[in-house]
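Undergrad: Sending over a structure as structure tokens; questions will come in a sec.
The values are calculated or read from the model by the stated rules, or taken from the named source; none is laboratory data. Small disclaimer: the values here were computed from a predicted structure and weren't measured. Cβ coordinates were reconstructed from backbone atoms using ideal geometry, including for glycine residues, and neighbour counts include every protein chain displayed. Each accessible area value is taken on the protein alone, full model and side chains, heavy atoms only, with ligands, DNA and RNA left out. Shrake-Rupley method; radii C 1.70, N 1.55, O 1.52, S 1.80 Å.
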Amino acid sequence: MTRIKSAFERQTARAAALIPFLNTGDPDFDTSLELFRTVLRTGADIVEIGAPYSDPLADGPVIQASAVRSLRAGFQFPHVFEMTSRLRRDTDKGLVLFSYFNPLLQYGIDRFFADAVSSGADGVIIPDLPFEESALVRQVADRQGIELIPLVAPTSSEERIAKICEEARGFVYCVSSLGVTGERAKMSERVQDLVRLARSYTRLPIAVGFGVSGAPQARFIAGFADGVIVGSAYVRRIEESLEAPDQTERYALAIDGVSQFTKELTDAISDVSAKS
Amino acid sequence: MKTTTQLPDKNGRFGDFGGRYVPETLMSALAELEQAYERFTANKSFQDELAYYLKSYSGRPTPLYFAERFTEHVGGAKVYLKREDLNHTGAHKINNTIGQALLAMRMGKKRVIAETGAGQHGVATATVAARFGLECTVFMGEEDMERQALNVFRMRMLGAEVVPATSGTKTLKDATNEAIRHWVEHVEDTYYIIGSVVGPHPYPRIVRDFQRIIGDETRQQMLDLEGRLPHTVIACVGGGSNAMGMFYPFVADESVRLIGVEAAGKGLESGLHAASIGKGTPGVLHGSMMYLLQDEFGQVTPAHSISAGLDYPGIGPEHSYLHASGRAQYVPITDDEALEAFYLLSKTEGIIPALESAHAVAQAQKTAREMSPDESLVICLSGRGDKDVEQIARMTGGVVDDEN
């Protein structure tokens with residue numbers, strides 16, 4: 001069984017898997033390593049390890065700013081793989097790389113997947129590589145045994161959803177609402193229909209992301225999906241920690257912030273009784 | 001007809017370039033746009049309406065003017081100017097915005113958005129939005145809003161909302177990012193009027209098709225005036241819409257040399273330029289594979305040019321293809337050379353070119369000089385320089401540089 005599959009199947013007490021996203025190297029390598037370890041220790045089942053990019057089209061201001069911090073500090077793919085292998089040493093949970101297509105293309109598709117394997121990654125998400133452009137990448141990913149996790153959106157036609165689900169690996173990432181990543185006050189009801197539709201075309205787990213700001217939405221999603229993806233709300237906690245006057249305090253605030261938040265989310269998705 | 005004019009293919013590819021590298025949320029909208037474009041533009045009523053507005057509203061056909069004193073000054077080929085600067089709003093941009101606005105309305109959209117660099121495309125979009133009663137939002141880099149304050153004011157006068165793009169380099173690249181992000185959120189009721197031959201398929205094709213009137217007219221006007229095709233055609237290239245519109249009808253005429261002029265800023269070796277072909281490598285930006293200024297890790301590097309309209313780190317996929325296939329040549333012109341040409345054309349012809357177009361003028365000086373007087377060269381004078389006068393006055397402290 002793949003680590004991604006077992007991360008979802010481990011959920012006996014919980015209604016859904018918790019999947020946090022953090023950028024590599026925000027605010028610095030060591031803090032970010034410790035942040036990943038903290039979320040894994042306090043309840044995450046899979047983590048998305050973000051590779052910073054200069055032009056993140058699918059991201060809202062919070063994750064954009066995080067990428068800027070990370071790039072300014074000099075972090076690139078080699079650090080993403082370094083991060084992944086450091087995490088792999090002490091976890092058997094799912095490690096999923098998140099990168100826009102251009103950095104991956106310039107690094108080399110074969111080289112990227114080879115390094116993904118040797119660093120211990122399980123899957124990859126490429127938010128700007130839709131089905132029609134992904135044939136080559138899917139082929140290389142399959143050959144290397146890395147699961148290429150596709151996205152479906154509220155605007156995807158049923159025909160597209162069927163096609164995407166058929167070639168999906170790992171899990172299917174349902175985009176909850178129109179727009180870029182970022183916390184939203186209200187979760188659209190449409191996402192339930194999307195999850196239901198995707199489920200009719202795949203037996204893979206279905207996770208929902210984009211716009212999850214906290215416990216109530218995580219609980220709502222856990223009611224009908226297999227995984228809850230949370231990005232901007234985590235990254236905002238890191239951003240807030242940077243306002244503290246000294247390094248020690250910033251570090252403590254960031255770790256406390258994400259660990260507290262992970263507990264809140266874990267609690268929220270643990271008391272969902274049954275799936276609809 | 002050569003195969004090169006049959007592109008893009010059904011996947012939106014010009015050879016290795018183009019495609020649709022966008023978030024899944026936009027894929028259905030792009031498919032819908034492609035279908036609507038095919039369906040409506042095949043319709044005679046659409047073409048009649050487009051022709052009407054291009055003629056009666058924008059003032060087409062624009063003249064092909066023999067620049068006699070400029071030709072004498074340079075010495076060499078006869079130089080003609082395709083006067084796109086005489087369009088309504090002062091640049092070629094309106095050819096495309098009229099076409100896309102008519103398309104948007106037929107698709108039932110009541111709201112349009114656009115990105116803009118120098119502000120010319122923003123003004124052209126705000127103009128047609130006003131004319132057709134569409135709600136309009138324009139994204140513009142914060143830095144460009146300062147450089148082109150007059151155009152910001154103009155767009156607001158026309159009733160458009162202008163939103164500053166404050167991320168990244170705060171120029172055209174980031175304005176385009178913001179426009180795409182906004183479109184992802186409002187894709188169901190908003191039409192995105194892209195201003196250049198960039199972006200995901202089918203945009204590079206749509207913009208080219210609406211701009212090809214530049215080349216179609218030029219071709220016929222040359223045949224009328226000279227009884228033969230021009231030997232050389234020169235246009236400036238940022239994203240590349242005026243150049244693509246000018247080049248496209250000549251692509252199959254192998255005797256016509258096509259020269260695209262990239263902004264070399266402070267020089268190709270200075271690191272401060274916008275020469276995507278001169279110094280870039282193939283990569284993906286704004287949904288399309290094209291030549292791109294980037295570092296070894298695929299991070300997009302900032303472009304620089306004296307002209308906001310060329311200040312873009314990529315070049316449209318069809319230009320990338322014309323370069324790779326060798327059909328067109330792309331050459332660099334620096335800020336200083338463009339500025340010198342700006343003065344030269346003003347003083348020899350009484351025509352103040354846009355700083356963007358001045359790059360093409362500067363290259364024409366070099367190229368015409370090496371040609372014989374019985375050969376002809378056409379410059380696509382994509383826009384007029386009124387918008388740049390304030391910037392140049394500021395740069396020179398209000399002193400006109402009499403050296404030039």
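Undergrad: Where in the range B:201-263 are there trypsin sites (Lys or Arg not before Pro) that are in a DSSP coil and have at most 14 other Cβ atoms within 10 angstrom of their Cβ? Display every interim value, and only then the final one.
TA: Numbers: sites: B:ARG205, B:ARG208, B:ARG212, B:ARG219, B:ARG228, B:ARG257; in loops: B:ARG212, B:ARG228.
Of the trypsin sites (Lys or Arg not before Pro), the ones in loops of the range B:201-263 whose Cβ has at most 14 other Cβ atoms within 10 Å are B:ARG228.
Undergrad: Need one value: the accessible area of B:GLU254 in square angstrom, 1.4 angstrom probe, rounded to the nearest 10.
TA: Spelled out: B:GLU254, probe radius 1.4 Å, area about 130 Å².
Undergrad: Top to bottom by accessible area (1.4 Å), largest first, where do B:ASP335, A:ASP90 land? Walk me through the numbers on the way to the answer.
TA: Numbers: B:ASP335 10, A:ASP90 95 Å².
Ranked list, largest accessible area first: A:ASP90, B:ASP335.
Undergrad: Relative contact order (percent) for chain B, with alpha-carbon contacts under 8 angstrom and 6 or more residues of separation? Could you put the intermediate results ahead of the total?
TA: Numbers: 886 pairs, mean separation 82.2, N = 404.
About 20 percent, as a whole number.
Undergrad: Which of B:LYS93/B:LYS347; A:LYS163/B:LYS10; A:LYS5/A:LYS93; B:LYS10/B:LYS110; A:LYS5/A:LYS186; B:LYS82/B:LYS279 have a Cα-Cα distance over 21 Å? Working shown, then result.
TA: Working: B:LYS93/B:LYS347 25 Å; A:LYS163/B:LYS10 18 Å; A:LYS5/A:LYS93 10 Å; B:LYS10/B:LYS110 29 Å; A:LYS5/A:LYS186 29 Å; B:LYS82/B:LYS279 29 Å.
Listed pairs above 21 Å: B:LYS93/B:LYS347; B:LYS10/B:LYS110; A:LYS5/A:LYS186; B:LYS82/B:LYS279.
Undergrad: Can I ask one more? Give a quick list of GluC sites (Glu not before Pro) in the range B:309-343 that DSSP marks as loop, anything other than H, G, I, E or B, with at most 14 other Cβ atoms within 10 Å.
TA: Details: sites: B:GLU318, B:GLU337, B:GLU340; in loops: none.
Listed in order of number, the matching sites amount to none.
Undergrad: With the cut-off at 1.5 for a/c, could you classify the range A:16-261 from its C-alpha gyration tensor as rounded, prolate or oblate? Show your work: numbers first, answer last.
TA: Details: a/c = 1.69, a/b = 1.21, b/c = 1.39.
It is oblate, given that a/c is not under 1.5 and a/b is not larger than b/c.
Undergrad: Here's a follow-up. Determine the per residue accessible area of chain B with all protein chains present and a 1.4 angstrom probe, expressed in square angstrom.
TA: I get 34 Å² per residue for this part.
Undergrad: While we're looking at this one, here's another question. Could you work out, residue by residue across A:123-129, how many beta carbons of other chains sit within 10 Å of that residue's beta carbon, and then give the average as an integer? Write out the running numbers ahead of the final one.
TA: On the way: counts 0, 0, 0, 1, 5, 10, 7.
Mean partner shielding for this stretch: 3.
Undergrad: Something else: First compute the accessible area of chain A with a 1.4 Å probe, then give the percent of it belonging to carbon and sulfur atoms. Spell out each step's value before the answer.
TA: Values: 5170 of 10210 Å².
The value for chain A is 51 percent carbon and sulfur by accessible area.
Undergrad: Just order A:142-150, B:284-292, B:389-397, B:347-355 by mean Cβ neighbour count inside 10 Å, highest at the front, would you?
TA: Numbers: A:142-150: 18.9, B:284-292: 28.2, B:389-397: 13.1, B:347-355: 20.7.
Highest to lowest by the protection proxy: B:284-292, B:347-355, A:142-150, B:389-397.
Undergrad: Of the options B:LEU225, B:PRO302, B:ALA42, report the single residue whose Cα projects farthest towards the positive end of the charge dipole of chain B (beta-carbon charges: Lys, Arg +1; Asp, Glu -1).
TA: Checking the options against the dipole of chain B, the answer is B:ALA42.
Undergrad: Going through the DSSP H helices of chain A, which span 30 Å or more along their own axis at the Cα atoms while scoring at least -0.5 as a mean Kyte-Doolittle hydropathy? Before the final figure, lay out each step's value.
TA: Working: long enough: A:247-270 (34 Å, -0.24).
Counting only whole DSSP H runs, the qualifying helices are A:247-270.
Undergrad: Which sequence of B:ILE213, A:ILE125 reflects their accessible areas, 1.4 Å probe, from the largest down? Walk me through the numbers on the way to the answer.
TA: Details: B:ILE213 45, A:ILE125 0 Å².
Correct descending sequence by accessible area is B:ILE213, A:ILE125.
Undergrad: Shifting gears a bit: By the gyration tensor of its Cα atoms, with a ≥ b ≥ c the square roots of the eigenvalues, what is the shape of the range B:52-176: rounded for a/c under 1.5, prolate for a/b over b/c, or oblate?
TA: Working: a/c = 2.72, a/b = 1.43, b/c = 1.90.
Since a/c reaches 1.5 but b/c is at least a/b, the shape of the range B:52-176 is classed as oblate.
Undergrad: Can you quote the Å³ per residue value for the convex hull of the Cα atoms in the range B:269-400, rounded to an integer? Could the numbers behind the result be given before it?
TA: Values: hull volume 17.5 nm³, N = 132.
Taking only Cα atoms, the range B:269-400 has a hull volume of 132 Å³ per residue.
Undergrad: Also: Using only the alpha carbon atoms of the protein assembly as shown, find the Kirkwood hydrodynamic radius as the inverse mean reciprocal pair distance, in angstroms to one decimal. Intermediate values should be presented prior to the final figure.
TA: On the way: mean 1/r = 0.0383 Å⁻¹.
Mean inverse Cα-Cα distance, inverted, gives 26.1 Å.
Undergrad: Residue-wise, which Karplus ³J(HN,Hα) couplings in Hz belong to the range B:294-305, taking 6.51 cos²θ - 1.76 cosθ + 1.60, θ = phi - 60°, and x for glycine or proline?
TA: Values per residue, Gly and Pro as x: 7, 8, 5, 9, x, 7, 6, 9, x, 8, 9, 7 Hz.
Undergrad: Given the whole protein assembly as supplied and a 1.4 Å probe, what does the accessible area of A:TYR201 come to in Å², nearest 10?
TA: Result for A:TYR201: roughly 90 Å² accessible.
Undergrad: Would you mind giving the mean number of other chain beta-carbons within 10 Å of the Cβ of each residue in B:284-291, as a whole number?
TA: On the way: counts 11, 4, 3, 4, 0, 4, 0, 0.
Going residue by residue through B:284-291 and averaging, the value is 3.
Undergrad: A further question on this structure: Ignoring ligands, DNA and RNA, how do B:ARG156, B:ARG39, B:ARG83 rank by accessible area with a 1.4 Å probe, largest first? Let's see the in-between values first.
TA: On the way: B:ARG156 125, B:ARG39 160, B:ARG83 35 Å².
Descending accessible area places them as B:ARG39, B:ARG156, B:ARG83.
Undergrad: Can you give me the C-alpha center-to-center distance between the range B:89-115 and the range A:178-232, rounded to a whole angstrom?
TA: 35 Å
Undergrad: If one computes the Cα centroid of the range B:12-65 and of the range B:161-187, what distance in Å separates the two points?
TA: A separation of 22 Å, based on Cα centres.
Undergrad: Ignoring ligands, DNA and RNA, what percent of the 1.4 Å accessible area of chain B is carbon and sulfur? Write down the numbers at each step before the final one.
TA: Values: 6980 of 13880 Å².
That fraction is 50 percent.
Undergrad: Shifting gears a bit: Run the numbers on chain A and let me know its relative contact order in percent, using alpha-carbon pairs under 8 Å that are six or more apart. Present the calculation step by step, with values, prior to reporting the outcome.
TA: Values: 545 pairs, mean separation 62.2, N = 276.
The value is 23 percent.
Undergrad: Follow-up. For chain B, what does the alpha-carbon gyration tensor say about shape, rounded, prolate or oblate, given a ≥ b ≥ c as the root eigenvalues, a/c under 1.5 as rounded, and a/b over b/c as prolate? Could the numbers behind the result be given before it?
TA: On the way: a/c = 1.36, a/b = 1.24, b/c = 1.10.
It comes out rounded by the Cα gyration axes.
Undergrad: Kindly work out what percent of the DSSP beta bridges joining two residues of the protein assembly as shown are antiparallel, to the nearest 5. Let's see the in-between values first.
TA: Working: 15 of 76 bridges.
Percentage antiparallel, nearest 5: 20.
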